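Each remark here refers to the structure printed beneath this line.
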Amino acid sequence: MTEKILVLGSNGQIGTELVTALRNTYGESNVVACDIRRPDYDIKNSGPFEFVNVLEKDTLNTIFNKYKPTQVYLLAALLSATGEQNPKLAWDLNMNGLLNILDLAIVYKTAKVYWPSSIAVFGPNSPKDNTDQFCVMDPNTVYGISKLAGERWCEYYHQKFGLDVRSIRYPGLISWKAAPGGGTTDYAIHIFHDALKKGNYDCFLSAETELPMLYMDDAIRGTIQLMDAPADQISIRSSYNFAGLSFTPEVLASEIRKHIPDFKLSYTANDPRQQIADSWPRSINDEIAKNDWGWKPEFNLSKMTADMLTNLKNK
Ligand code: SER
């Protein structure tokens, strides 16, 4: 059967790269990019694009009816830092956007739905190191609350209606193609841009703030791997713990100095994102994803750093 894939939120940090990867695999005309904003040249000129607001159920219905998608990726969301500036909008978009898609997936018998969760589902009382799939979860950002509630809805729709919904708890995603989308982990992208442009970076998180991170190439590969896995290999229907790297700004700066020896890192105190970062794990235990469907990251810190710098320099 030919796949027909909708990617909602296609202009974002993940969508930009996922649409390209999916179009390479499934054919350009079979992957429909959807966003509320006009897309980049690449996305618009390599396949179909639709203006869609995931909160407008009528428009969504028209799109589902038009394409009868076999797979839907819902990426539209407000992230942790932006979410705190507009908590009600973050809740509305992250929650009702998801419910709209889950409902339409049932009506149109969509074979598979992908929805990303985040390390933001953990909170100040969750274990900090090698954080388990199942543990205390007390998120204190509206983003984390919406992701945790969303995970429960995904599992609920799977159990009640048999919907094949799959999800990954992404750590901070590091990429060079598209700009990051207002998260707490965004420093790990800005640092590369500033290192190349200015030779210094003023970091909004403190030197010892260790957070879980992942290079975008690994994130895209892992996501498609999860979506391709046979349904009987998927034991987690809320969202999988998922890990790649864990580092502090100081450690990342040392790695950058191997390429730009004079790179200087300074710190801004009292940024509100520090509090968010302090409530999240330092590292994640992703054994279940490894055992269930063979997840394995390919980028370590040195490989990721070299790749980021090379690509940003060429951009
Ligand atoms: N990168 C995200 C954020 O910082 C975490 O899911 O909000």
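Here is a yes/no grid of residues against (1) among the charged types (D, E, K, R); (2) within 13 Å of the chain's Cα centre (by Cα):
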{"residue": "Val165", "(1), (2)": "no, no"}
{"residue": "Thr185", "(1), (2)": "no, yes"}
{"residue": "Asp194", "(1), (2)": "yes, no"}
{"residue": "Lys197", "(1), (2)": "yes, no"}
{"residue": "Phe204", "(1), (2)": "no, no"}
{"residue": "Ala219", "(1), (2)": "no, yes"}
{"residue": "Gln233", "(1), (2)": "no, no"}
Odd one out for Leu301, checked against (1) among the aliphatic types (A, V, I, L, M); (2) touching a helix residue (DSSP H, G or I) at 6+ places or on another chain (Cβ under 7 Å); (3) surrounded by 21 or more Cβ atoms within 10 Å (Cβ to Cβ): (3)
The stretch 236-246 - residue that is buried (at least 21 other Cβ atoms within 10 Å of the Cβ) and farther than 24 Å from Arg152 by Cα and, of those, nearest to the chain's Cα centre (by Cα): Gly244
Selection count where residues are within 26 Å of Pro171 (Cβ to Cβ) and in a helix (DSSP H, G or I), scope the stretch 1-40: 13
Yes/no for Gln159 being in a loop (DSSP other than H, G, I, E, B) and away from the ligand (no atom under 16 Å from the Cβ): no
Positions within the stretch 196-211 being aliphatic (A, V, I, L, M) and under 20 Å from Gly123 (Cα atoms), in sequence order: Leu205, Leu211
Residue satisfying all of: in the stretch 12-48; without any contact (Cβ under 8 Å) to a residue 60 or more places away in the chain and polar (S, T, N, Q); nearest to Val72 (Cα to Cα) among these: Asn30
Filter result (in contact with a Pro (Cβ under 7 Å, 6 or more places away or on another chain) and β-branched (Val, Ile, Thr)) within the stretch 264-315: Ile284
Within the stretch 158-213, tally of residues that are among the charged types (D, E, K, R) and free of Cβ contacts under 8 Å to residues at least 60 places away in the same chain: 5
Tally, over the stretch 241-274, of residues that are of a type outside the set (S, T, N, Q), more than 16 Å from the ligand (Cβ to nearest atom) and either in a helix (DSSP H, G or I) or closer than 19 Å to Gly172 by Cβ (or both): 8
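Any idea which residue in the stretch 162-193 is farthest from the ligand (Cβ to nearest atom), counting only those that are among the charged types (D, E, K, R) and surrounded by 17 or more Cβ atoms within 10 Å (Cβ to Cβ)?
Asp164
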Hits in the stretch 275-302 (condition: within 21 Å of Phe122 (Cβ to Cβ), in a helix (DSSP H, G or I) and of a type in the set (Gly, Ala, Ser)): Ala277, Ala289
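None of the figures in this text is laboratory data; all of them are computed from the coordinates on show. No experiment lies behind these values; they were computed from the predicted model shown. FYI the Cβ positions are ideal-geometry reconstructions off the backbone, even for glycines, and counts take in every protein chain you see.
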